[in-house]
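I have placed the structure first, in the form of C-alpha cells, so that the comments after it can refer back to it.
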Number of protein chains: 2
Amino acid sequence: MELLKQRILKDGKVKEGNILKVDSFLKHQMDIRLLEAVGEEFARRFSDQKITKILTIEASGIGIAAIAAQYFDYVPVIFAKKTRSKNLDGVLLTSEVSSFTKGITYQIQVEKQFLVPEDNVLIIDDFLAKGQALLGLSDIVGQAGAALAGCGIVIEKGFQEGGKMIREKGIRLESLAVISSISDQTITFRE
Amino acid sequence: MELLKQRILKDGKVKEGNILKVDSFLKHQMDIRLLEAVGEEFARRFSDQKITKILTIEASGIGIAAIAAQYFDYVPVIFAKKTRSKNLDGVLLTSEVSSFTKGITYQIQVEKQFLVPEDNVLIIDDFLAKGQALLGLSDIVGQAGAALAGCGIVIEKGFQEGGKMIREKGIRLESLAVISSISDQTITFRE
C-alpha cells in the first residue's frame, strides 16, 4: 500500500536499536483519513470473504478496526482485553500470549457470547513482529468454533519471524506494508 | 440522544449491585453505526467550537473517538496511555488518576509533542462516574497550555458525583445519556 509506505518514510521515526515509531499517525496519535485508506485496502484484499466480525486487541488495534468495519458492511468489532476486568463476567475465551519485548506472558480474553461458530472472523492489528498476539487471537477464534478468514496487519516487521510462522500455519495474512530492514535510519520495504 | 437511550434499554444489562453493562454495543463489542450517530451528535453539540484535537483514554474511548473524528473535520485523535510503555520516549505530560472501582491510583500519559498551546481540545470518553479520568485528561490539556473545548461523554452515571464535580469546575460537559438511577433492573434517564 503505497500511501502507507510513503507515510512511514515521511513520519516514521527510527529510534536507537532500529526501533520504528509510528506514534504520530498510527498509534498514540491517529490520522483517521489514513485509517480509512487502510480499512478500504483491507476490504479490497478480503473482498472474496464474507466477514461477519472483526477481532482486534487493545489498545492500538481498536481505532484501526473500528474504522475498517465501515468498509466491511459495519460488522461488529470486538477487542480482546489484556487484563482481567470485573466488567468481564460472562464465560471467557482466553489464550496465553508471550511478549518478548516486555519479557512477560499475559492472558488475553474475549467473552464467549461475542464469537459464535457461524462467524467468519477477520483479525486486525497494527503491528506484526513475533506474531504471538495473532496466535493468541486465532486460538480464541478456534475455541469459539468460528472460521478465521485471515489477518489484516498494517505494518509487518518482515525481519522478524512472525509473518513466516503465521503463514506456515496456513493462516491467510495480508500486511499492508512489510519492512524488510531498518538500519542506519533507512527503512526498506519488501516488494 | 434518543437512539442511544433506546439502545441502552434494549441491550444494556443490569448486573448485581446495579452495575450497567453495555459490552455488547459500546465497549467489548462495538456497533460502529451507533458510534457514527454518537460522533455526529457530539459534532452537533460542539458545533460552536473549532476543535483541533480529540483526546481520549485507552481502551474503550478509542473506537468512539476515532469514529467521532470523522465528524470533526478529521482532527487527529490522541489516546492517553494508562501504563508506561518503552514506546513512549518523548517528553511526557502525566497526571494521577484514582480509580475507586479498582482501588488504585495510576498515571496517565500523553507525549507532549501531540498537544500544543494553539490546540482547542475535545475530550471524549465512554463513561463518566466519579470523573477522575476526565480530571486527569483535563489536567494534561492544561499542562500543554491548550484550551479545553469541553468533554463529550456517551453515558453519564448521574447518580454519581463526577458530572456535578466536572461542571462545577466550569468544564463544559455534554453527556449523550444521563442515567439518574438503576434499581431492580430498571434504568431511568435524567430528562
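The values are calculated or read from the model by the stated rules, or taken from the named source; none is laboratory data. Bear in mind the structure is a predicted one, so any value in this text is a computation, not a measurement. When we count neighbours, we look across all protein chains shown, and the Cβ atoms used for this are built from the backbone with ideal geometry, even at glycine. Areas reflect the complete protein model, heavy atoms only, side chains present, ligands, DNA and RNA absent. Shrake-Rupley method; radii C 1.70, N 1.55, O 1.52, S 1.80 Å.
Some points to look at:
- Close pairs from region B:143-167: first touching a residue at least 60 places away in the same chain (Cβ under 8 Å), partner among the aromatic types (Phe, Trp, Tyr), Cβ under 8 Å, at least 6 apart: B:Ala149/B:Phe46; B:Gly150/B:Phe46; B:Gly152/B:Phe42; B:Gly152/B:Phe46; B:Val154/B:Phe127; B:Ile155/B:Phe127; B:Lys157/B:Phe127
- Only one of the listed residues (A:Lys164, A:Lys169) is within 25 Å of A:Lys5 (Cβ to Cβ) and open to solvent by 60 Å² or more (accessible area, probe 1.4 Å). That residue is A:Lys164.
- Against the test of being within 28 Å of A:Ile19 (Cβ to Cβ), open to solvent by 20 Å² or more (accessible area, probe 1.4 Å) and touching a Phe, Trp or Tyr at 6+ places or on another chain (Cβ under 8 Å), the options B:Lys82, B:Lys112, B:Lys130 yield a single qualifying residue, B:Lys82.
- Hey, A:Leu135 under 21 Å from B:Gly39 (Cβ atoms) and either open to solvent by 10 Å² or more (accessible area, probe 1.4 Å) or in a helix (DSSP H, G or I) (or both) or not: no
- With respect to (1) more than 21 Å from A:Ala144 (Cα to Cα); (2) surrounded by fewer than 17 Cβ atoms within 10 Å (Cβ to Cβ); (3) of a type in the set (Ser, Thr, Tyr), the lone exception for A:Ser60 is condition (2).
- Scanning region A:20-57 for residues that are more than 8 Å from chain B (Cβ to nearest Cβ), in contact (Cβ under 8 Å) with a residue 40 or more places away in the chain and open to solvent by 20 Å² or more (accessible area, probe 1.4 Å) returns A:Glu41, A:Arg45, A:Gln49, A:Lys50, A:Thr52, A:Lys53.
- Residue match in region B:146-165 (condition: touching a Gly at 6+ places or on another chain (Cβ under 9 Å), over 20 Å from B:Gly39 (Cα atoms) and part of a strand (DSSP E or B)): no
- Flag not set for B:Glu16, criterion: without any contact (Cβ under 8 Å) to a residue 40 or more places away in the chain, more than 10 Å from chain A (Cβ to nearest Cβ) and open to solvent by 30 Å² or more (accessible area, probe 1.4 Å).
- Any hit, region B:103-117, residues being closer than 30 Å to B:Val14 by Cβ and in contact (Cβ under 8 Å) with a residue 40 or more places away in the chain: yes
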